[in-house]
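Chemist: Following this message is one structure expressed as structure tokens.
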Amino acid sequence: MKKKVFLYVHSHWDREWYREFQEFRLRLIEVVDDIIEKLEKNEIPYFYFDGQTAALEDYLEIHPEKESIIKKLIAQKKLAIGPFYCSADSFLVSCEFLLRNLSLGINYSLSFGCKDFIGYLSDTFGHSKSIPSILKSAGINRAMLWRGLGELPSEFIWQDIAVTYLIQGYFQDIFSLDLNYDDKAKLLVKFIDKIAQRSSSNILLPCGADHLKVADNLQTQIQEINKRLENYEIIISSPFEYLESVKNNYNKEVKGEFLDESKNFLLKGVYSSRIYQKQQNAKIQWDLSRICEPLATIAKINEISRNWQNEIDFAYKNTIKNHAHDSIYGCSIDEVHKEVEHRFLKTKEIINGIKKRVVRDLSENSEDLNFINLSNYDYSGVVEIETDKDLTKKYNAQFVSKRKGFTDKKLFNPSQIPVTEDITTINKYLVEVQKIKPFSSRKVLNKEKSHKIDFNIIENKYIALKIIKNKVYLIDKKNNKIYKDFIEIVNRADIGDSYNFGALKGDKEIKAKLLCSNVLNEGNISSTLRLTYGIEIPYQSYVSTKKRCFCAKHTIFVDISLSNLQDYLKFDINWENRSQNHILQVKFNLENPIDTTFSEDAVGIVQRKFNPNYNIYKNLPAQRGVELKTNTASMQRFVWAQGFGVVTKGLNEYEIRKNSLYITIL
């Protein structure tokens, strides 16, 4: 008896990637026009729109006259859209923004009459353990996934979500190839055989690929190819019909994240591609979801300020457009990332404008300082303030810097013309607050200096950092623990591409040399110790190590700040990069080999196990088409091991080697 092959027609759509957004949109218009024509003429019975709505929105923005046709096709069950707005990576995007992404897509889909959804993630580079809870929050209890699943069967349960595994991926364009039916049948059999090995008597076959129109004469092609198949019968169907046919096949239960690179590439190098944009993303996510929106909500509930939710929703959507996986990965062409940066810039302007207006309304022209804690925990520590006032004496404030600029009084008063603003001096200060409860407001200031600094030490009652014989020592006073030779800066060659780090066989770490340390600034609230490093890095990393001899000198400044109440050190690292194709990392040396880490996931914490002795350089060269295992992993904002943690703003990649934790900074 022949096995039934459920073929679903689709096109995977990246809004921007190896071409600019507008160039891809022109191709999108041609592809969608062709899809509509084929659906209306019944040349194909069904089309699945890639589990995301952004492409449809982009199409209808140019051709709004086609909206009624789209709605008709959805009502006829010929076209399915949603549930996501765009296909976003789940390791680089925060929970709140993944939820907003899903909400945007579902609401848009519902407005077109589409009510049935699958968590369709066909091309993201692995899957966070947070995805099931995010899907379930929207009432979605089934998903279709590809990368990272290894040897799992075609159907299984993942933390209460019924998952179908796209075993050979979504990319299958045999019907579009210029081949005769015999050759197409042979290619299809090889492809379907591999899927069948881990499937039941019913098999799911994607028909489509990146930015690909539907193959012409598809039904005729399938009829002819079916005549040549001994073990299979292909029918054009939908993912929903397939899921109904295998509803009793979910016998295996699985937990955790999916990061198995044995069957397909996970491209973990994207965690550190274009770090500057990942830093922009991290700051905007935090500012919008943890400061701007809560602050505006407090002000609105208390009838102090107007409702800013429409503007906030616009900022969310503008940011989420940058979360399309090839955009947030940093692996697209430069022109794409210029547009990504432009979107971040515009979102930042909106967020800053709303925050300032809400603060204006909350302050009610008060001349006093008042502090609102928007975190989930008691807060004691430093607050940075910019003002045209002199805060030094009254508030024991620490002066940081000054600049020429404008206050916002006339800008935020529609009765005055902002062009008549007077330039004035804007001062930056630090003040220190104590024990402000979560979501509460106080005016409590700390007025005691309790830290000290010298050219080779910075410390308070909790923590100390010392320079001893050109090595950095960290003293954890709370836990009575000393980290010797605590921090290094190291460099390696990188012969990879825009996706992945490429290890160079025979390569050795180049270590930066600590040249000197000095007091950058000393204050009553916070002080900064500067460590100056020198390192020589080849101008270019070549395939042959013999050619890595011409070096550029780099000076790296590591500014380490500590305040009276902090039980952590703040690092700010700056340098001018003068070399190409290399990876620069901060190396934290711990006491024991690191076999376990805990890092922030989209929802909660993920525990990962490592072989600290694994060395990618001993496994080079990789076979063609095979991705070597790495000890590289992702984090949202922090990673922790052996009582030591690193919190970052947009540095998403860490690596484990023996007893060292590496944070990638370039």
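The values are calculated or read from the model by the stated rules, or taken from the named source; none is laboratory data. Keep in mind that this is a model prediction, so the values were computed, not measured. With ideal geometry, Cβ positions are generated from the backbone for all residues, glycine too; neighbour counts draw on all protein chains shown. Accessible surface areas use protein heavy atoms only, side chains included; no ligands, DNA or RNA. Shrake-Rupley method; radii C 1.70, N 1.55, O 1.52, S 1.80 Å.
Quick grid of which residues meet (1) open to solvent by 10 Å² or more (accessible area, probe 1.4 Å); (2) not in a loop (DSSP other than H, G, I, E, B):
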residue: Arg492; (1), (2): no, yes
residue: Gly496; (1), (2): yes, no
residue: Asn524; (1), (2): yes, no
residue: Arg530; (1), (2): yes, yes
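Chemist: Turning to a different aspect of this structure: Only one residue in Leu565, Leu520, Leu504, Leu465 is surrounded by 18 or more Cβ atoms within 10 Å (Cβ to Cβ), part of a strand (DSSP E or B) and in contact with an Asp or Glu (Cβ under 9 Å, 6 or more places away or on another chain), so which one is that?
Modeler: The match here is Leu465.
Chemist: Ok, one more. Of the residues Ala602, Ala641, only one is touching a Cys at 6+ places or on another chain (Cβ under 6 Å) and at pLDDT 95 or above; which?
Modeler: On the way: Ala641 fails: touching a Cys at 6+ places or on another chain (Cβ under 6 Å).
Testing whether each residue is touching a Cys at 6+ places or on another chain (Cβ under 6 Å) and at pLDDT 95 or above leaves just Ala602.
Chemist: Could you please find all residues in the range 559-603 being over 24 Å from Asp454 (Cα atoms), over 24 Å from the mean Cα position of the chain (by Cα) and among the charged types (D, E, K, R)?
Modeler: Within the range 559-603, Glu576, Arg578, Glu591, Asp595 qualify.
Chemist: Just checking, which of Val419, Val340, Val431 is modelled with pLDDT of 90 or more and over 30 Å from Ser272 (Cβ atoms)?
Modeler: Val431
Chemist: Any idea which of Asp50, Asp34 is under 14 Å from Asp210 (Cα atoms) and at pLDDT 95 or above?
Modeler: Residue meeting the stated conditions: Asp50.
Chemist: Scan the range 280-297 and tell me whether some residue there is crowded, with 21+ Cβ neighbours inside 10 Å, farther than 18 Å from Ser94 by Cα, out of contact with any helix residue (DSSP H, G or I) (no Cβ under 8 Å at 6 or more places or on another chain) and small (Gly, Ala, Ser).
Modeler: Among the residues of the range 280-297, not one is crowded, with 21+ Cβ neighbours inside 10 Å, farther than 18 Å from Ser94 by Cα, out of contact with any helix residue (DSSP H, G or I) (no Cβ under 8 Å at 6 or more places or on another chain) and small (Gly, Ala, Ser), which makes the answer no.
Chemist: For the range 158-174, what are the residues that are surrounded by 15 or more Cβ atoms within 10 Å (Cβ to Cβ) and in contact with a Lys or Arg (Cβ under 7 Å, 6 or more places away or on another chain)?
Modeler: Gln159, Ile161, Ala162, Ile167, Gln168, Ile174
Chemist: Also, quick follow-up: Could you give every pair whose Cβ atoms fall below 8 Å, whose first residue belongs to the range 107-118 and is without any contact (Cβ under 8 Å) to a residue 60 or more places away in the chain, and whose second residue is basic (Lys, Arg) and open to solvent by 30 Å² or more (accessible area, probe 1.4 Å), counting only separations of at least 6 or pairs across chains?
Modeler: If the second residue must be basic (Lys, Arg) and open to solvent by 30 Å² or more (accessible area, probe 1.4 Å), the pairs left are Ser109/Lys115; Phe112/Lys71; Gly113/Lys71.
Chemist: Filter the range 119-148 down to the residues that are among the small types (Gly, Ala, Ser) and either free of Cβ contacts under 8 Å to residues at least 24 places away in the same chain or assigned to a loop (DSSP other than H, G, I, E, B) (or both) and list them by number.
Modeler: Hits for the range 119-148 are Ser122, Gly126, Ser128, Ser130, Ala138, Gly139, Gly148.
Chemist: If you don't mind, there's one more thing I want to ask. Restricting attention to the range 13-48, which residues are surrounded by 23 or more Cβ atoms within 10 Å (Cβ to Cβ), assigned to a loop (DSSP other than H, G, I, E, B) and touching a Leu at 6+ places or on another chain (Cβ under 7 Å)?
Modeler: Trp13 - this is the single residue of the range 13-48 that is surrounded by 23 or more Cβ atoms within 10 Å (Cβ to Cβ), assigned to a loop (DSSP other than H, G, I, E, B) and touching a Leu at 6+ places or on another chain (Cβ under 7 Å).
Chemist: Looking for something closer than 22 Å to Gly150 by Cα and either β-branched (Val, Ile, Thr) or open to solvent by 30 Å² or more (accessible area, probe 1.4 Å) (or both) - is there at least one such residue anywhere in the range 99-115?
Modeler: No: the range 99-115 contains no residue that is closer than 22 Å to Gly150 by Cα and either β-branched (Val, Ile, Thr) or open to solvent by 30 Å² or more (accessible area, probe 1.4 Å) (or both).
Chemist: While we're here: Please verify whether the range 70-90 includes one or more residues that are farther than 27 Å from Ser245 by Cα, in a loop (DSSP other than H, G, I, E, B) and open to solvent by 40 Å² or more (accessible area, probe 1.4 Å).
Modeler: no
Chemist: Of everything in the range 318-332 that's polar (S, T, N, Q) and buried (at least 23 other Cβ atoms within 10 Å of the Cβ), which residue is farthest from Val93 (Cα to Cα)? Break it down stepwise before answering.
Modeler: Of the residues in the range 318-332, the ones polar (S, T, N, Q) are 318-319, 322, 327, 332.
The next check asks that each one be buried (at least 23 other Cβ atoms within 10 Å of the Cβ); those that pass are 319, 322, 327, 332.
On the way: Thr319: 10, Asn322: 10, Ser327: 12, Ser332: 17 Å.
Top of the filtered list is Ser332.
Chemist: Under 9 Å between Cβ atoms, at least 6 apart or on separate chains: pull out the pairs that start in the range 454-480 with a residue that is farther than 14 Å from Val558 by Cβ and without any contact (Cβ under 8 Å) to a residue 60 or more places away in the chain and end on any residue that is aromatic (Phe, Trp, Tyr) and surrounded by 12 or more Cβ atoms within 10 Å (Cβ to Cβ).
Modeler: As it stands, the answer is Ala464/Tyr473; Lys466/Tyr473; Tyr473/Tyr483; Tyr473/Phe486; Ile475/Tyr483; Lys477/Tyr462, since those pairs meet every condition given.
Chemist: Same structure, new question: From the residues in the range 246-263 that are open to solvent by 40 Å² or more (accessible area, probe 1.4 Å) and not in a loop (DSSP other than H, G, I, E, B), which one is nearest to Asp116 (Cα to Cα)?
Modeler: If we filter the range 246-263 for residues that are open to solvent by 40 Å² or more (accessible area, probe 1.4 Å), which is where we start, we get 247-253, 255, 257, 260, 262-263.
Still in the list and also not in a loop (DSSP other than H, G, I, E, B): 253, 260.
Values: Glu253: 24, Asp260: 30 Å.
For the range 246-263, the residue satisfying everything is Glu253.
Chemist: Which members of the range 377-427 meet the condition of being under 29 Å from Phe439 (Cα atoms), open to solvent by 60 Å² or more (accessible area, probe 1.4 Å) and assigned to a strand (DSSP E or B)?
Modeler: Tyr379, Glu384, Glu386, Phe399, Val400, listed by residue number.
Chemist: While we're looking at this one, here's another question. For the range 204-227, which residues satisfy the criterion of being in contact with a Gly (Cβ under 9 Å, 6 or more places away or on another chain) and farther than 13 Å from Ile192 by Cβ?
Modeler: As a first pass, look at the range 204-227 and keep what is in contact with a Gly (Cβ under 9 Å, 6 or more places away or on another chain): 206, 214-215.
If the condition is that a residue be in contact with a Gly (Cβ under 9 Å, 6 or more places away or on another chain) and farther than 13 Å from Ile192 by Cβ, then Val214, Ala215 are the ones that fit.
Chemist: Still on this structure: Given the condition farther than 21 Å from Arg290 by Cβ, open to solvent by 10 Å² or more (accessible area, probe 1.4 Å), outside any strand (DSSP E or B) and in contact (Cβ under 8 Å) with a residue 40 or more places away in the chain, answer yes or no: does some residue in the range 339-348 qualify?
Modeler: Yes, because at least one residue in the range 339-348 is farther than 21 Å from Arg290 by Cβ, open to solvent by 10 Å² or more (accessible area, probe 1.4 Å), outside any strand (DSSP E or B) and in contact (Cβ under 8 Å) with a residue 40 or more places away in the chain.
Chemist: Right, Leu266: open to solvent by less than 20 Å² (accessible area, probe 1.4 Å), within 23 Å of Ile167 (Cβ to Cβ) and among the aliphatic types (A, V, I, L, M) or not?
Modeler: yes
Chemist: Arg624 fails exactly one of the following numbered conditions: (1) touching a strand residue (DSSP E or B) at 6+ places or on another chain (Cβ under 7 Å); (2) open to solvent by 40 Å² or more (accessible area, probe 1.4 Å). What is the number of that condition?
Modeler: Condition (1) is where Arg624 drops out.
Chemist: Which of the following residues is in a helix (DSSP H, G or I) and farther than 18 Å from Asn42 by Cα: Leu243, Leu229, Leu212? Step through it out loud before you land on a result.
Modeler: Values: Leu229 fails: in a helix (DSSP H, G or I); Leu212 fails: in a helix (DSSP H, G or I).
When all the criteria are applied, what remains is Leu243.
Chemist: Given Gln607, Gln585, which one is at pLDDT 95 or above, open to solvent by 20 Å² or more (accessible area, probe 1.4 Å) and under 18 Å from Gln636 (Cα atoms)?
Modeler: Only one candidate passes the filter, namely Gln607.
Chemist: Going through Leu229, Leu187, Leu152 one at a time, which residue ends up being within 31 Å of the chain's Cα centre (by Cα) and modelled with pLDDT of 95 or more?
Modeler: Sole residue among the options that is within 31 Å of the chain's Cα centre (by Cα) and modelled with pLDDT of 95 or more: Leu152.
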